[in-house]
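Okay, structure first, notes after.
The values are calculated or read from the model by the stated rules, or taken from the named source; none is laboratory data. Keep in mind the model is a prediction, meaning the values are calculated, not measured. Methodologically, a virtual Cβ is constructed for each residue, glycine included, from the backbone with ideal geometry; neighbour enumeration extends over all protein chains shown. Just so you know, the surface numbers come from the protein's heavy atoms only, side chains and all, with ligands and any DNA or RNA stripped out. Shrake-Rupley method; radii C 1.70, N 1.55, O 1.52, S 1.80 Å.
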Amino acid sequence: QVQLVESGGGLVQAGGSLRLSCAASGRIFRINTMAWYRQAPGKQRELVAVIASGGVTNYADSVKGRFTISRDNAKNTVYLQMDSLKPEDTAVYYCTAEIQTWSGGVYSRKWGQGTQVTVSS
């Protein structure tokens, strides 16, 4: 069984920073792409940032220049550094990863339980 556990959410004032972490554990052979999504009340879940296994990154236009995604492959962990936070960044943030549980197996997408980020004005 594979689990993704997020941490680091909370309440912060506009202009502040937070760092989210997401650690994968369990039967893991290899992790491909890792990403962060978010979902605000009444809105659809949206992609925030993605990082490939080799480190190539991509960001939503709304967070470019403010958020940084990174990963530690040795720890099976992905991070999201969020700077210059705005009230519109308020949402539940979810991490996701494409995980292969054995050599030759297929990759399956796993999701974390989500962590709340609230930015006050």
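General remarks:
- Mean-position separation - Cα centroids, the stretch 31-51 and the stretch 53-111, in angstrom: 8 Å
- When Rg and the Kirkwood Rh are both derived from Cα coordinates, the Rg/Rh ratio for the stretch 56-121 amounts to 1.04.
- Volume per residue of the C-alpha convex hull in the chain, rounded to whole Å³: 96 Å³
- Solvent-accessible heavy-atom area per residue, rounded to whole Å², over the stretch 1-116 at 1.4 Å: 54 Å²
- When you count the other C-beta atoms within 10 angstrom of each residue and take the mean per peptide, 29-36, 6-13, 91-98 line up highest first as 91-98, 29-36, 6-13.
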